Amino acid sequence: MVWLHFLLPPALAGLVVAATFASLPLAALLAMAALIMAACSARSLLVRLSESEDAKSSLNAQLIQSQKLAAVGELSAGIAHEINNPIAIIAQETEWAGHLLSEAEKSSGADFAEVRDSLREIRAQVDRCKNITHKLLDFARKREPVLQEVDVARLIDDMARLVDKEASYKNVSLTRKLPDDLPRLRTDAPLLRQVMLNLMTNALQAVDRGGAIIVSAWADAENLFLSVSDNGPGIAPEDMEKIFNPFYTTKPPGQGTGLGLSLCHNLVNGMCGHIWVESQPGQGATFIVRLPRNLAGAQ
């Protein structure tokens with residue numbers, strides 16, 4: 001329809017000239033036609049201008065978000081390095097305290113079960129802190145993908161086996177829907193493993209006992225698609241635009257760091273792919289990853 005904007009000015013000019021030399025009734029009709037054409041043209045231009053402004057605002061928002069993520073990544077790396085040192089010292093001292101406790105039990109014959117339980121809890125919390133700092137470093141670290149031929153069906157099955165045991169504890173079914181003719185993918189296998197494991201773990205945390213998770217894969221001529229669906233509570237509309245933000249989580253305190261999905265987002269982007277979510281409250285959620293079948297050609 002852009003060509004109309006090039007034709008309208010001369011057409012309007014022609015109508016005005018024709019109205020000048022026409023009879024009064026015809027001149028009125030021509031003037032009315034000119035006004036209608038001018039109004040339609042102005043409305044069309046206003047719509048296009050509004051769309052252009054919306055696109056500009058969206059690009060600005062994406063730029064600001066990218067800058068925020070870069071700043072958070074640098075800050076996260078610094079914090080993680082600073083925290084790792086005292087955590088390592090706490091872990092060493094806890095191990096030493098456990099050794100001293102064992103010696104004291106042998107020499108005195110006393111039962112220090114409560115103290116041993118306390119040390120065990122300290123070690124568990126230290127491990128949790130180490131896990132968080134490792135995720136922070138993974139989130140902040142940027143590395144180029146190492147390309148190799150990947151059997152995606154086997155990779156997904158391997159990652160699903162890691163989740164199967166915990167899923168069985170919750171009586172959750174984890175179903176694979178992987179076609180036999182799924183093509184091999186030239187991409188970074190370790191990065192893809194981490195993405196799929198994070199998505200399956202996230203789905204497992206979202207469903208209740210007796211829930212269901214479905215992992216699927218399919219391909220077209222240019223891309224390979226992976227999806228992880230669950231029948232959990234779904235995602236609220238106000239959370240849809242925030243779930244890939246670092247440190248954003250809807251889980252209760254102590255049950256999530258808010259880094260899993262943001263890390264997936266970063267890793268998929270690093271593989272020249274795209275990740276998004278489809279969800280309705282109360283109807284579960286489906287995370288979809290689109291990856292180019294030839295990462296070298298997409299870079």
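The values are calculated or read from the model by the stated rules, or taken from the named source; none is laboratory data. Computed from a predicted model, the values in this text were never measured in an experiment. Quick reminder, even Gly has a Cβ in these numbers, built from the backbone with ideal geometry, and neighbours come from all protein chains shown. When the accessible area is computed, the model is the full protein with side chains, heavy atoms only, and any ligands, DNA or RNA have been set aside. Shrake-Rupley method; radii C 1.70, N 1.55, O 1.52, S 1.80 Å.
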How would Phe244, Phe287, Phe112 rank on accessible area, largest to smallest, probe 1.4 Å?
Phe112, Phe244, Phe287
In the stretch 86-120, what GluC sites (Glu not before Pro) fall in a loop by DSSP, with at most 13 other Cβ atoms inside 10 Å?
none
Amide H contacts under 5 Å for Ala219, placed H, 5+ residues apart
Phe225
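Under 9 Å from the Cβ of Lys170, count the other residues' Cβ atoms, weight Lys and Arg +1, Asp and Glu -1, and hand me the total.
On the way: positive: Arg209; negative: Glu166, Asp208.
Net charge around Lys170: -1.
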With the crude spin-label approximation of a point 7 Å out along Cα→Cβ, what separation in nm comes out for Asp158 versus Gln205?
2.4 nm
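Please tell me which of these pairs span more than 31 angstrom C-alpha to C-alpha: Lys130/Lys170; Lys106/Lys170; Lys106/Lys165? Don't skip to the end; give the middle numbers.
Values: Lys130/Lys170 26 Å; Lys106/Lys170 41 Å; Lys106/Lys165 38 Å.
From Lys130/Lys170; Lys106/Lys170; Lys106/Lys165, over 31 Å: Lys106/Lys170; Lys106/Lys165.
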The stretch 188-216 and the stretch 268-292: distance between their alpha carbon centers, rounded to Å:
12 Å
Counting only other residues whose beta carbon sits under 13 Å from that of Trp218, what net charge do I get with K and R as +1, D and E as -1?
0
Show me the trypsin sites (Lys or Arg not before Pro) within the stretch 164-225 that DSSP assigns to loop and that have at most 10 other Cβ atoms within 10 Å of their Cβ.
Arg209
Among the stretch 187-212, those whose backbone N falls under 11 Å of a label point 7 Å along Cα→Cβ from Ser168 are none
Kindly provide the GluC sites (Glu not before Pro) of the stretch 149-236 that DSSP labels as loop, not H, G, I, E or B, and whose Cβ sees at most 16 other Cβ atoms within 10 Å.
Glu222
Estimated FRET transfer efficiency (Glu105, Cys129; beta-carbon r; R0 30 Å; 0.05):
0.60
Filtered hits (aspartates and glutamates, Cα-Cα < 15 Å from Lys242, offset >= 8 within chain) -> Glu278
